[in-house]
1. Return the pairs, sorted by first residue and then second, in which the second residue is loosely packed, with under 11 Cβ neighbours inside 10 Å, the first residue lies in segment 76-87 and is under 12 Å from residue 34 (Cα atoms), the beta carbons are less than 6 Å apart, and the residues are 6+ apart or on different chains.
2. Among the residues of segment 27-42 satisfying the criterion of being out of contact with any helix residue (DSSP H, G or I) (no Cβ under 8 Å at 6 or more places or on another chain) and surrounded by 15 or more Cβ atoms within 10 Å (Cβ to Cβ), which is nearest to residue 11 (Cα to Cα)?
3. Restricting to segment 1-42, count the residues that are assigned to a strand (DSSP E or B) and either without any contact (Cβ under 8 Å) to a residue 24 or more places away in the chain or under 22 Å from residue 79 (Cβ atoms) (or both).
4. So residue 75 fits all but one of (1) surrounded by 13 or more Cβ atoms within 10 Å (Cβ to Cβ); (2) assigned to a helix (DSSP H, G or I); (3) out of contact with any helix residue (DSSP H, G or I) (no Cβ under 9 Å at 6 or more places or on another chain); (4) at pLDDT 95 or above; what number is the exception?
5. If I ask for residues that are under 14 Å from the mean Cα position of the chain (by Cα) and within 11 Å of residue 98 (Cα to Cα), which ones from segment 75-87 would you list?
């Protein structure tokens, strides 16, 4: 079973080797509603933890996607820019927005696992 990590900003991360697949959590998808636009970063862009890497816009609002780790963008999900429903897919399948080569893989240890994220959602609801 795939292990996902989460941020307090509702990013969802799946790691394969030193590559982080980054998307948004189901909670964020549900809150956004119908998507109208996704702004993707450039491949090869160096990014720092906490920096905005993409923007997902819906009929309700725009949500910035922040990087939970330092790294370099190695892929963007161009397919998602045309097929917004992919954002509802698991991040380790077609639901990722960007893939980042992680500079320090141990930085991912700071993120929440699924159980901790579920507790966090209870606290903020």
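1. Close Cβ pairs satisfying both conditions: none exist.
2. In this case the residue turns out to be 28.
3. So the answer is 18.
4. So the condition that residue 75 fails would be (2).
5. Matches in segment 75-87: 75, 76, 77, 80.
Every residue, every condition in (1) surrounded by 19 or more Cβ atoms within 10 Å (Cβ to Cβ); (2) assigned to a loop (DSSP other than H, G, I, E, B); (3) at negative phi, yes or no:
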position	(1), (2), (3)
44	no, yes, no
49	no, yes, yes
53	yes, no, yes
57	no, no, yes
81	no, no, yes
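The values are calculated or read from the model by the stated rules, or taken from the named source; none is laboratory data. Note that the structure is predicted; figures quoted are calculated from it, not measured. Counting neighbours? That spans all protein chains shown, and the Cβs are built from the backbone with ideal geometry, glycine included.
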